[in-house]
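S.K.: The structure that follows is given in the form of structure tokens.
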Amino acid sequence: MKKVYRDFFFYPDILVMTLLATVLTIYLFIQGFELFMVSWFLFGLVFFMFSEYVTHRFLFHLKPPKNPLFLKFLKRIHYDHHAVPNELHLLFLPLWYSLPNFFVLCAIFYVITGSFTSIIAFGVGLITMLLVYEWKHYVAHTPLKPKTRFGKWLKKTHQLHHFKNENYWFGVSNPFVDVLFGTLKHEKDVETSETAKNLEKRA
């Protein structure tokens, strides 16, 4: 079990994002902590929850494109994960995907707000929820057993997404956006999909 924990916390992509969040948090406290930072941090958390769902459902589960480069991207970012769900290097979002997205989002909100400190707090929220997402995803595909009923249920719903039907249960870190979009179903109400383990065969 120690190896299971080491595989997560010492995985390069996780280490880099954890270090980035730590550096940004230290910067905020050096600048002088203010209450408004909490609001921006919470906004970052909520924003990631929605972006997690939207990208998972509408980007990662796109039907196979004809463009070979785009297909290669989708295979690495998600298709291959469905084919071999427990493969370690396919569990985590690669840095070449997560870092550019992070900086682009922060840049966009900086243009809107003009407040560097606010965007740093927002960025810390984004990364924090990203790490929660990565941990929940990791737990869903490893022998780790959640201690809470919610954690056990969340792990089960993600396994249903992989092995029952890939068109439901998109939320990995939480089920709330699934509820809003109607993709949180009881497993008995959903038919077993023939393409859950091979997204490239989706028509």
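The values are calculated or read from the model by the stated rules, or taken from the named source; none is laboratory data. A quick note: this is a predicted structure, and the numbers were derived from the prediction, not measured. Here the Cβ positions follow ideal geometry from the backbone for every residue, glycine too, while neighbour counts run over all protein chains shown. We work out accessible area using only protein heavy atoms, side chains counted, and drop any ligands, DNA or RNA first. Shrake-Rupley method; radii C 1.70, N 1.55, O 1.52, S 1.80 Å.
S.K.: How high is the relative contact order of the chain, given as a whole-number percent (alpha carbon pairs under 8 Å, six or more residues apart)?
M.R.: It comes to 28 percent, rounded to a whole number.
S.K.: Tell me the Kirkwood radius of region 1-73: reciprocal of the mean inverse pair distance over distinct alpha-carbon atoms, in Å.
M.R.: Result for region 1-73, one decimal place: 15.8 Å.
S.K.: Might you work out the accessible area of W96 for me, using a 1.4 Å probe with all protein chains in place, and round it to the nearest 10 Å²?
M.R.: We get 140 Å² for W96.
S.K.: Continuing with the same structure: Identify the trypsin sites (Lys or Arg not before Pro) of region 152-203 meeting these criteria: DSSP loop state and at most 15 other C-beta atoms within 10 Å of the C-beta.
M.R.: K197
S.K.: I would also like to ask the following. So what is the relative contact order of region 130-203, in percent, for Cα pairs below 8 Å that sit 6 or more residues apart?
M.R.: For region 130-203, the relative contact order is 27 percent.
S.K.: Quote the accessible area belonging to M49 in square angstrom, nearest 10, computed with a 1.4 Å probe and with ligands, DNA and RNA left uncounted.
M.R.: Rounded to the nearest 10, the figure is 50 Å².
S.K.: Would you compute, from DSSP H runs of 4+ residues alone, the mean residue ellipticity of the chain at 222 nm, taking -39500 (n - 2.57) per run and dividing by the full residue count, rounded to the nearest 500?
M.R.: Counting only the DSSP helices, I get -19500 deg cm²/dmol.
S.K.: If you plug each phi of region 72-84 into the Karplus form 6.51 cos²θ - 1.76 cosθ + 1.60 with θ = phi - 60°, what whole-Hz ³J(HN,Hα) values come out, in order, with x for Gly and Pro?
M.R.: 4, 4, 5, 4, 6, 6, 7, 3, 5, 5, 5, 6, 10
S.K.: Determine, for each peptide in 55-62, 116-123, 38-45, the mean count of other beta carbons within 10 angstrom over its residues, then list the peptides with the highest first.
M.R.: 116-123, 38-45, 55-62
S.K.: Here's something else I'd like to know. Evaluated at 20 °C with a viscosity of 1.002 mPa s, what Stokes-Einstein diffusion coefficient in µm²/s does the chain have when Rh comes from the Kirkwood expression over alpha-carbon pairs?
M.R.: Rounded, D is 118 µm²/s.
S.K.: Also, quick follow-up: Write down the Å³ per residue value for the convex hull defined by the alpha carbon atoms of region 143-203.
M.R.: 101 Å³
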